[in-house]
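Asker: Before we start, here is the structure in question, set down as structure tokens.
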Amino acid sequence: MLAIVRRYDVSMPALIALNGLQPPYALQSGQTLRLPGSPGSVPGPAPTITLPSSNGVTTGVVGGATMGGAPLNTVPSTGSGLAVQRLPPPGGAAAPVVPGTVPPAGAVTAPTVVAPTTGAPTSIVPKPPPATVPPVASTTVPPPAAATQAPPRTSSRFAWPVTGPVIFGYNAPIGSKRNQGINIAAAAGTPIKAAGAGTVRYAGNGVPGYGNLVLIQHSDGLVTAYAHAASLSVKKDDPVTAGQTIGTVGQTGAVDQPQLHFEVRKDSAPVDPTKYLP
């Protein structure tokens, strides 16, 4: 590599960059190199040299300058079996190249001149045009799915979510507040049934005092609430049918015995659940 840089008076970084060489920059016999132009050289396509397979002697045209007294555009074959010819691109003389500019898309790339290792005439191998990248097909992102609609109820009344005695009725005083539903005593682990068909709008324990809580929205604008559950078997946006198990009775939240707190709300306002129960 150093011998080529000295012989042709070219920049080693430019030679490496032009040929895409990788460390440790080892060269192989018969390898073709493109030579960068030296200061003051005639503009045109970069000349090339092909490393001989027999010895390390190379000849060639550097940046359009004459070497060894040969004419400007041709250097005859030598004992190394190398000949390098400088040719204009097809269609006419080489156009001046302005440093730092990029040829427009579709422009013809100057051919690479490959010198044979014998006395045969020099061959010209044209470079293929740049590959055309097909346009990326546009994709349409589907809109988010609409919220699950609550299935219609088949009756104007609800079913009892559990069977047991009512230990706190609607509007009964509980501490300093009024009960907004009814509390039904039941053994721990008793299945809690959905009072009617609908869609789960909340399932969790993030409401203080209610413990594990499920809210089901029904098609007629009513919402039923089931609190103090030991466990829940549904999640938000699940559709449920009347009588489907949604959890089990427990003692979570602000209660001191296993029970189910059941509410019915209309337009977010609590109403007496017993008006909707058989």
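Asker: Out of curiosity, is Thr163 at pLDDT 95 or above, in a loop (DSSP other than H, G, I, E, B) and in contact with a strand residue (DSSP E or B) (Cβ under 9 Å, 6 or more places away or on another chain)?
Answerer: Values: at pLDDT 95 or above: yes; in a loop (DSSP other than H, G, I, E, B): yes; in contact with a strand residue (DSSP E or B) (Cβ under 9 Å, 6 or more places away or on another chain): yes.
Answer is yes for this residue.
Asker: When you scan region 220-251, how many residues do you find that are of a type in the set (Asp, Glu), surrounded by fewer than 17 Cβ atoms within 10 Å (Cβ to Cβ) and either over 21 Å from Ala269 (Cα atoms) or free of Cβ contacts under 8 Å to residues at least 12 places away in the same chain (or both)?
Answerer: 1
Asker: Give me the pairs: first residue in region 198-219 and among the β-branched types (Val, Ile, Thr), second residue exposed (fewer than 15 other Cβ atoms within 10 Å of the Cβ) and modelled with pLDDT of 95 or more, beta-carbon distance under 6 Å, and six or more apart or on different chains, which are they?
Answerer: Cβ pairs passing all conditions: Val200/Lys236.
Rundown of residues vs (1) of a type in the set (Lys, Arg); (2) crowded, with 21+ Cβ neighbours inside 10 Å, yes/no style:
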{"site": "Gly196", "(1), (2)": "no, yes"}
{"site": "Arg201", "(1), (2)": "yes, no"}
{"site": "Gly204", "(1), (2)": "no, no"}
{"site": "Gln217", "(1), (2)": "no, no"}
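Asker: Right, here's the next one. For the subset of region 1-39 comprising residues that are part of a helix (DSSP H, G or I) and exposed (fewer than 11 other Cβ atoms within 10 Å of the Cβ), which member is modelled with the lowest pLDDT?
Answerer: In this case the residue turns out to be Leu2.
Asker: On to the next question. Within region 172-229, how many residues turn out to be hydroxyl-bearing (Ser, Thr, Tyr) and out of contact with any Leu (no Cβ under 9 Å at 6 or more places or on another chain)?
Answerer: Going through region 172-229 one residue at a time, the tally reaches 4.
The values are calculated or read from the model by the stated rules, or taken from the named source; none is laboratory data. All values reported here derive from a predicted model rather than from experimental measurement. As a convention, Cβ positions derive from the backbone with ideal geometry for all residues, glycine included, and neighbour counts pool all protein chains shown.
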